[in-house]
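Where a number appears in this text, it was derived from the coordinates with a stated rule and is not lab data. As the structure is a computational prediction, the values presented were derived from the model and not from experiment. Please note: Cβ atoms are built from the backbone with ideal geometry, for glycine as well, and neighbour counts cover all protein chains shown.
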Amino acid sequence: MEQYLLMNRLDFPILSTTIFLPLIGAILVLLMNNDKVIKITALVTGIITFLVSLFLFANFNPATHLFQFGEFIPWIPAYNLNYILGIDGITIFLILLTTMLTPICILCSWTAIKERIKEFMFCILLMQTAMIGVFCSLDFILFYIFWEMMLIPMYLLIAVWGGPKKDYASIKFFIYTLFGSVFLLVAIIAIYLTNGTFNIPEAMFKGYSFSFQFWVFIAFALAFAIKVPMFPFHTWLPAAHTEAPTAGSIFLASVLLKMGTYGFMRFCLPIAPEASAYMAPYMIALSVIGIIYGGFVCLSQTDMKKLIAYSSVAHMGFVTLGIFSFTLFGFEGALLQMLNHGITTGALFFCVGVIYERTHSREIYDNAGLGKIMPIYVGFFGFFSISAFAFPGTNNFVGEIYVLIGTFIQSKWAGFLAVVGAVLAAAYMLKLLKQIIWGRTDQSAIKDMNAREVICLLPLVLFVLWVGLFPRPFVYVMEKTMTHLFNQLQSILH
């Protein structure tokens with residue numbers, strides 16, 4: 001086996017199992033007609049997949065940077081096309097994030113989705129297969145198949161089960177994402193024509209000419225910047241988030257956006273290191289603009305869901321800022337923030353979905369003053385809100401500190417502006433909290449959160465506190481992979 005791929009010591013195709021379990025569940029769901037049985041089948045499938053991913057994590061070896069649990073099957077030998085899977089310190093967390101959130105997405109839709117339940121659960125499970133496949137694939141074509149496979153079910157989630165402007169939002173999402181995918185395919189073809197292989201690790205750190213790196217970087221960057229989304233490619237995001245059902249918003253914020261930053265880290269840095277370093281000042285500038293812009297736009301929002309959507313533009317700006325700082329602190333902080341944003345923003349979208357089921361409005365004014373009548377709800381909402389603006393002791397504080405240290409090492413002005421963005425985050429989240437908890441209200445007969453909703457949020461609370469108070473285990477798992485990436489880049493660039 002190739003030197004970059006560690007053989008699977010479990011003697012079991014655990015990555016393929018993790019990828020295709022949801023697909024099997026999706027097919028089973030299509031064969032059923034009872035809505036209750038459909039929901040239970042989807043939930044059980046999500047839980048089993050999460051348990052398999054926990055077993056994967058328990059057997060992960062953080063002492064090596066090599067790809068682990070390798071699976072290699074010749075696919076189309078004439079084109080050197082193979083079915084190759086493997087994970088490292090970057091992807092293990094993204095897989096866990098995906099598998100943990102899927103049962104939560106199913107549970108949050110338990111009563112919210114009343115029509116075409118079979119098709120809805122099919123889309124959720126198919127999305128899970130596609131997202132896990134993206135993070136496990138070590139062959140460009142396999143990666144691209146899973147990347148595109150994600151597009152259709154997400155489009156349907158918005159177009160079929162979305163809000164009043166679902167047609168506009170779903171088409172805009174589809175066009176933007178498809179536009180980026182064209183450039184991704186162009187970059188993949190260019191690398192294949194140069195190397196004669198679709199093998200991703202074999203394409204890394206190959207010493208390509210600068211001109212080749214530059215154009216490949218541009219193609220990759222357009223695809224991934226749209227997915228993140230970076231300023232000025234962000235305009236599809238608020239519409240998609242606002243019109244999507246709660247489960248769609250959680251998947252969008254927590255996992256789909258991370259596919260873009262994962263692409264920067266997995267493809268742009270190792271395949272086009274010199275071009276990435278050359279373009280870093282521009283990427284840092286766009287990241288800082290996104291952070292500041294997102295903060296100011298959030299201050300003017302009256303729709304809870306739209307506010308949280310625009311906050312994602314700012315928060316993901318911190319991730320790209322860390323990646324293009326070209327520092328070890330920045331890399332580790334970026335990955336931590338990918339994970340943290342997925343948990344915190346997913347939880348906030350869940351909270352918006354909870355109140356929307358009760359009041360049928362996302363307007364801050366219509367949902368003001370819930371502190372007396374929904375104490376459990378505002379407790380959770382307040383907790384995740386202070387996590388969102390990186391209050392000390394929460395997960396986002398640790399990630400942002402790592403990113404800011406890396407940014408100040410690279411650029412003092414970028415670090416200063418990022419701090420301004422962090423202050424803006426505190427301003428708009430505290431403003432939102434003030435209205436939701438203490439504002440005047442006409443509501444009086446709203447029921448507080450039920451046991452199902454509380455059970456969904458409790459694991460996310462524990463995660464926020466775990467990373468916030470004891471982040472070392474998470475940093476340890478990613479350390480070897482990030483250090484190897486950093487050292488490889490340093491040896492090329494200096």
Assuming 0.36 nm per residue, please report the length gained on full extension of the stretch ASN80 to PHE416 beyond their Cα-Cα distance.
116.2 nm
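Quote to one decimal, in nm, the extra length available between ASP167 and GLU148 on full extension: 0.36 nm per residue of separation minus the C-alpha distance between them.
Numbers: separation 19, 0.36 × 19 = 6.84 nm, distance 2.00 nm.
Result for the pair: 4.8 nm of gain on full extension.
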Point-charge dipole on Cβ atoms (K/R +1, D/E -1) for the stretch 5-493, about Cα centre, debye to 20
760
Short version: ³J(HN,Hα) in whole Hz for each residue of the stretch 413-427, in order, from phi by Karplus 6.51 cos²θ - 1.76 cosθ + 1.60 (θ = phi - 60°), x for Gly and Pro, what are they?
5, 5, x, 4, 5, 5, 5, 4, x, 5, 5, 4, 4, 4, 5
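Once the convex hull of the alpha carbons of the stretch 402-494 is built, what does its volume come to per residue, in cubic angstrom?
On the way: hull volume 14.0 nm³, N = 93.
About 151 Å³ per residue, rounded to a whole number.
Between TRP438 and GLU115, how high is the FRET efficiency from 1/(1 + (r/R0)^6) when r is the Cβ-Cβ distance and R₀ = 45 Å? Nearest 0.05.
Details: r = 37 Å, r/R0 = 0.82.
About 0.75, to the nearest 0.05.
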Please list the non-local residues whose amide H lies under 5 Å from the amide H of PHE67, H modeled 1.01 Å from N, same-chain partners needing a gap of 5 or more.
LEU6
What order do you get for 266-277, 106-117 when each peptide is scored by the mean count of other beta carbon atoms within 10 Å, highest first?
266-277, 106-117
Using alpha-carbon coordinates, inclination of helix 304-323 to the longest axis of the chain, degrees:
20
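Hey, what number do you get for the chain at 222 nm if only DSSP H runs of n ≥ 4 count, each worth -39500 (n - 2.57), divided across all residues, to the nearest 500? If you can, show how the numbers build up before the last one.
Working: 19 runs with 346 residues, N = 494.
Dividing the helical sum by the residues of the chain leaves -24000 deg cm²/dmol.
The chain: percent of C-alpha pairs farther apart than 44 Å? Could the numbers behind the result be given before it?
Working: 10545 of 121771 pairs.
That tail contains 9 percent of the Cα-Cα pairs.
Using a 10 Å cut-off around each Cβ, can you sort GLU363, GLU479 from fewest to most neighbouring Cβ atoms? Can you show the working numbers first?
On the way: GLU363 13, GLU479 17.
The order, fewest Cβ neighbours first, is GLU363, GLU479.
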Ordering of 121-132, 389-400, 37-48 by burial proxy (mean other Cβ atoms within 10 Å per residue, highest first)
121-132, 389-400, 37-48
What order, most packed first, do the peptides 80-91, 408-419 have when packing is the mean number of other Cβ atoms within 10 Å of each residue?
80-91, 408-419
Could you let me know the centre-to-centre spacing of the stretch 60-99 and the stretch 401-442, using Cα atoms, in angstrom?
36
Apply the Karplus parameterisation 6.51 cos²θ - 1.76 cosθ + 1.60, with θ equal to phi minus 60°, to every residue of the stretch 326-339 and state each ³J(HN,Hα) to the nearest whole Hz, in sequence, with x for glycine and proline.
6, 10, 5, 4, x, 4, 5, x, 4, 5, 4, 5, 4, 5
